[in-house]
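The values are calculated or read from the model by the stated rules, or taken from the named source; none is laboratory data. What you are looking at is a predicted structure, and each value in this text was computed from that prediction instead of being measured. When we count neighbours, we look across all protein chains shown, and the Cβ atoms used for this are built from the backbone with ideal geometry, even at glycine. All accessible areas refer to the heavy atoms of the entire protein, side chains included, with ligands and DNA or RNA removed. Shrake-Rupley method; radii C 1.70, N 1.55, O 1.52, S 1.80 Å.
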Amino acid sequence: MNINDIRCILIVGMGTMGQKIALQCATHGYEVIAYDVSRQSLETARANIKCYAEQLVDQKRLTPEESNVALARISFTTNPDEGTRVDLLSESVPEDPDLKAKVFAQFNRICPPHTIFTTNTSTLVPSLYAEATGRMKQFVALHFYGVWDHNLADIMPHPGTSPETVKIVTAFAKRIGQVPFVFKKEIPEYVANAILAAIASTALKLVFVDEVASVEDVDRAQMIVMGMPIGPFGWLDYVGLDTVLQITQRKAEISDDTQLQTEADRLKSEYVDKGWLGVKSGRGFYTYPDPAYAHPDFLTGAAGS
């Protein structure tokens, strides 16, 4: 098998990243099957992907004709049996190793023997559920960031991944416009995310545990001193606060860390339980589509949240 044998892509999980990966694959000529267990999630995904395509046209990254062709390449389904004709599966379900294991075990029974399985996990190592895939040699982490604006793609093999799979997935990442970063060994949170996670954890501690600063002031400090276009809380809004809560809660349980548990408890009660999940819900630490940190006067302290 080689890169030219990859023609049809199955995206499992139609959250924000699944949507972006689907459109990215379609704009680069691949047939895409977008799968989710929820019909409502699929309808939301269909609308969001159309909006993303319109944004790319506005930014002159796609022509209107290219956008229409790409959108026509994407089909939406709740039927897992559509996996019988795919060459590569990209999984983007929540960061729960047991859930991911169940998903891969299900599709191992459905997909053809040659299908390569990839996981878009941002915090878990692939060996946690590699055995459940039933095709350990053909399984690797392929983790995306922003896809368009941050086109780095992490490729993390587990000890059982074959060199051929790494080679094909690396070539695939390049074909869909990503810059592949192949890891020498497994590490949770990769490189960029490990750095960002450390910054975010410190930011959450300052606000939720130490209570020494506001969300806005922490972001201002980071943006001014480091010259970043967005602070840690703005970044967490893009990640999704439900995802942040899930990751923080899991870390708290594993480490028995009371600080992390406090952060998780406050995230849950003050944001997630209210439906404030970040960019995707229109409100998180900031309100969208016009967050305060995007205002010219935010760094002076004149703009609020």
> Here are 62, 10: which of them is in contact (Cβ under 8 Å) with a residue 24 or more places away in the chain, in contact with a Gly (Cβ under 6 Å, 6 or more places away or on another chain) and either open to solvent by less than 20 Å² (accessible area, probe 1.4 Å) or of a type outside the set (D, E, K, R) (or both)?
Replying inline: 10
> In segment 95-135, how many are of a type in the set (Val, Ile, Thr), open to solvent by less than 30 Å² (accessible area, probe 1.4 Å) and either over 21 Å from residue 239 (Cβ atoms) or not in a loop (DSSP other than H, G, I, E, B) (or both)?
Replying inline: 6
> Which residues, counting only those in segment 271-293, are assigned to a helix (DSSP H, G or I) and open to solvent by 60 Å² or more (accessible area, probe 1.4 Å)?
Replying inline: 273, 274, 280
>> If I filter segment 223-256 down to residues being of a type in the set (Val, Ile, Thr) and touching a residue at least 12 places away in the same chain (Cβ under 8 Å), which single residue comes out as surrounded by the fewest Cβ atoms within 10 Å (Cβ to Cβ)?
In response: 224
>> Being under 16 Å from the mean Cα position of the chain (by Cα) and charged (D, E, K, R) is the requirement here; does residue 164 meet it?
In response: no
>> Please go through segment 136-154 and give me each residue that is within 10 Å of the chain's Cα centre (by Cα), closer than 16 Å to residue 194 by Cβ and in a loop (DSSP other than H, G, I, E, B), ordered by number.
In response: 145
> What residue, among those in segment 203-216 that are assigned to a helix (DSSP H, G or I) and of a type in the set (Val, Ile, Thr), is farthest from residue 286 (Cα to Cα)?
Replying inline: 209
> Quick one: what pairs do we get from segment 39-53, first residue closer than 20 Å to residue 67 by Cβ, second assigned to a helix (DSSP H, G or I) and among the small types (Gly, Ala, Ser), C-beta under 6 Å, 6+ apart or different chains?
Replying inline: 53/67
>> For segment 1-81, give me every one of the helices (runs of 4 or more DSSP H) that falls completely inside it and has 3 or more residues that are closer than 23 Å to residue 106 by Cα and in contact with a strand residue (DSSP E or B) (Cβ under 7 Å, 6 or more places away or on another chain).
In response: 16-27
>> Looking only at segment 252-300, filter to residues that are β-branched (Val, Ile, Thr) and at pLDDT 95 or above; which one of those is nearest to residue 238 (Cα to Cα)?
In response: 287
>> So residue 92 passes all but one of these: (1) over 25 Å from residue 243 (Cα atoms); (2) touching a helix residue (DSSP H, G or I) at 6+ places or on another chain (Cβ under 6 Å); (3) touching a residue at least 60 places away in the same chain (Cβ under 8 Å); (4) surrounded by 21 or more Cβ atoms within 10 Å (Cβ to Cβ). Which condition number does it fail?
In response: (1)
> Which of the residues spanning segment 198-221 are within 23 Å of the chain's Cα centre (by Cα) and over 22 Å from residue 269 (Cβ atoms)?
Replying inline: 198, 199
>> Anything in segment 203-213 that is in contact (Cβ under 8 Å) with a residue 12 or more places away in the chain and either more than 25 Å from residue 299 (Cα to Cα) or open to solvent by 40 Å² or more (accessible area, probe 1.4 Å) (or both)? List them, or say none.
In response: 205, 206, 209
> Looking at residue 152, is it open to solvent by less than 60 Å² (accessible area, probe 1.4 Å), in contact (Cβ under 8 Å) with a residue 24 or more places away in the chain and more than 23 Å from residue 117 (Cα to Cα)?
Replying inline: no
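So that you can scan it fast, the table gives a plain yes or no per residue for (1) open to solvent by less than 50 Å² (accessible area, probe 1.4 Å); (2) modelled with pLDDT under 95; (3) assigned to a strand (DSSP E or B); (4) closer than 27 Å to residue 96 by Cβ:
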| position | (1), (2), (3), (4) |
| --- | --- |
| 156 | yes, no, yes, yes |
| 160 | yes, no, no, yes |
| 167 | no, no, no, no |
| 173 | yes, no, no, yes |
| 193 | yes, yes, no, yes |
| 198 | no, yes, no, yes |
| 201 | yes, yes, no, yes |
| 218 | yes, no, no, no |
